[in-house]
1. Report the FRET efficiency, 1/(1 + (r/R0)^6), for residue 14 and residue 56, where r is their Cβ-Cβ distance and R0 is 45 Å, rounded to 0.05.
2. Which one of 117, 78, 166 has its Cα pushed farthest toward the positive end of the charge dipole of the chain, where Lys and Arg give +1 and Asp and Glu give -1 at the Cβ?
3. Kindly report the accessible area of the range 1-101 per residue (heavy atoms of protein chains, probe 1.4 Å, no ligands, DNA or RNA), in Å².
4. Just by accessible area at a 1.4 angstrom probe, what is the order of 98, 55 from largest to smallest?
5. Roughly how many percent of the accessible protein surface of the chain is carbon and sulfur, given a 1.4 Å probe and a whole-percent answer?
6. With every protein chain in place, what's the accessible area of residue 2 (1.4 Å probe, Å², nearest 10)?
7. If you place +1 on the Cβ of every Lys and Arg and -1 on the Cβ of every Asp and Glu, how big does the dipole about the Cα centre of the range 27-177 come out, in debye to the nearest 20?
8. Classify the chain as rounded, prolate or oblate from the Cα gyration tensor: take a ≥ b ≥ c as the square roots of its eigenvalues, call it rounded if a/c is under 1.5, otherwise prolate when a/b beats b/c and oblate if not.
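The values are calculated or read from the model by the stated rules, or taken from the named source; none is laboratory data. Model, not experiment: these values are computed from the prediction. Cβ sites come from the backbone with ideal geometry, for glycine too, and all protein chains shown count toward neighbours. Each accessible area value is taken on the protein alone, full model and side chains, heavy atoms only, with ligands, DNA and RNA left out. Shrake-Rupley method; radii C 1.70, N 1.55, O 1.52, S 1.80 Å.
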Amino acid sequence: DLKLRVRHSFKKTRRSASAEVRYVGMFSNGNGILKDTLNASVLPQYRTGLMKGATNSVMFSLSYNEPLAKNLSLDFRYDMGTTISDKRDIYTDRLTQTTDILNSSDFHQKEQRNTFSAGMSYRDNDKIRFYAGIRAMGMWQNNKEQIPETYDFPVNYWHFSPYVNFELTSSVRLSFNYTEKANVPTSRQLRRHLDTTN
């Protein structure tokens, strides 16, 4: 996980801007054996497994603050991220020397997300803080599957949501946050032979 952030403040105008670049990488590699423990089995089956996975994410954020009055300002933020993930679990039936389709899977997913936020904030001597705005998120996914079936499934999403944050700080701190969230289906949830209607 690597992150680089640069922030700049304009002293005369009280404007501020920041940029951030982040990389997150996850890798896995292993193998295993599955044994059929059913007592009624005449010939217990053994399955050897090859499990590999990798996820690479690159994210970029840009924010800008424009003062309107002494305690009032406009806030803008743009976030862009790209994630490429591979998950490969291949099990081979040692008895028949064939691929165990029920337990095997091979996924490749590419996801690109763009989010733009615009809002207004009010601050009063660091005791009262109030933020309100709207957020627009666009997401593009391309899901590929080789096992248990072969298909290429691109999907697009758009989501608009408001957000409100309020903080009151004195001897006791009181805060209220409201944010709408959208859950995007994963590649496993979008598999055609699964019932994902719920």
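1. Details: r = 38 Å, r/R0 = 0.85.
It comes out at approximately 0.70.
2. Towards the positive end, the residue furthest out is 166.
3. Working: 7240 Å² over 101 residues.
Result: 72 Å² of accessible area for each residue.
4. Numbers: 98 70, 55 35 Å².
I get 98, 55, largest accessible area first.
5. On the way: 7670 of 13770 Å².
Exposed carbon and sulfur together represent 56 percent of the surface.
6. About 120 Å², rounded to the nearest 10.
7. Values: 16 positive and 16 negative charges, 90 e Å.
Using only the charged Cβ atoms, the result is roughly 440 debye.
8. On the way: a/c = 2.92, a/b = 2.76, b/c = 1.06.
Prolate shape, in that a/c is at least 1.5 and a/b is the bigger ratio.
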